Amino acid sequence: KNEVEQSPQNLTAQEGEFITINCSYSVGISALHWLQQHPGGGIVSLFMLSSGKKKHGRLIATINIQEKHSSLHITASHPRDSAVYICAVRPGGGADGLTFGKGTHLIIQP
Amino acid sequence: ETGVTQSPTHLIKTRGQQVTLRCSSQSGHNTVSWYQQALGQGPQFIFQYYREEENGRGNFPPRFSGLQFPNYSSELNVNALELDDSALYLCASQMVGVPDTQYFGPGTRLTVL
């Protein structure tokens, strides 16, 4: 059974701090997604990774396939970054849908 | 904007009733997946449709069924509603030629009383 574990579950930080959210998974995957969910439900896809590192603005995502681990970093955090960040993986083989972590609830205080 | 819409936004039903939730994607999104997200939890995969056929299913009973239509819309049907079916239901579509990029709809909040 594929498990996706995220840490921390909750994170409160001050504006400007460097944020790291971690994700570990237990089976071989074809892709890993980082998603952002705001109150009310809407989910936005931030990154899709199968290897290495991706950067978009102040967001950086890395993945280590051998260690089955990924991190999402936010530089110069801002209150508008406050949201739930979710890691999701697609097991190798493709048609089983994404397996999601429970999410990390991030609050950035001004 | 993801180009994926869902209706209705909110819905209240009673135990034992049946419900149909709808998802509409942009042209070219030939794969759609449905997820159930209970409060405080990550989404759980219900099933996936590709070219109007179910081609993957999670651990959900047969009373959860779906349809996908040629106009890139789809439905999730739930029969014999139970209290535990109360959740946010999300659909996500995938565009032809853009591997594994998921476009999520805003979700339908279902409450079963």
Residue that is farthest from the other protein chains (Cβ to nearest Cβ) [pool: residues in segment B:38-51 that are closer than 17 Å to B:Ser93 by Cβ and under 14 Å from the mean Cα position of the chain (by Cα)]: B:Tyr49
Scan (1) within 25 Å of A:Val84 (Cβ to Cβ); (2) among the polar types (S, T, N, Q); (3) part of a strand (DSSP E or B); (4) at pLDDT below 95 for the single condition B:Thr111 breaks and write down its number. (4)
Every residue in segment A:57-84 that is of a type in the set (Lys, Arg) and in a loop (DSSP other than H, G, I, E, B), please. A:Arg58, A:Lys68
Residues satisfying the stated conditions in segment A:5-45, i.e. surrounded by fewer than 19 Cβ atoms within 10 Å (Cβ to Cβ), aliphatic (A, V, I, L, M) and under 14 Å from A:Thr104 (Cβ atoms): A:Leu11, A:Ala13
Assuming A:Arg90 fulfils every condition listed in (1) charged (D, E, K, R); (2) touching a Gly at 6+ places or on another chain (Cβ under 6 Å); (3) crowded, with 21+ Cβ neighbours inside 10 Å apart from one, which condition is it? (2)
Pull up segment B:75-89, narrow it to residues that are within 16 Å of B:Phe45 (Cα to Cα) and either more than 14 Å from every other protein chain (Cβ to nearest Cβ) or in contact (Cβ under 8 Å) with a residue 60 or more places away in the chain (or both), then point me to the one that is surrounded by the fewest Cβ atoms within 10 Å (Cβ to Cβ). B:Asp84
Can you pull out every residue in segment B:46-61 that is surrounded by fewer than 13 Cβ atoms within 10 Å (Cβ to Cβ) and of a type in the set (S, T, N, Q)? B:Asn59
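The values are calculated or read from the model by the stated rules, or taken from the named source; none is laboratory data. The model shown is predicted, which means the values in this text are computed figures rather than measured ones. Counting neighbours? That spans all protein chains shown, and the Cβs are built from the backbone with ideal geometry, glycine included.
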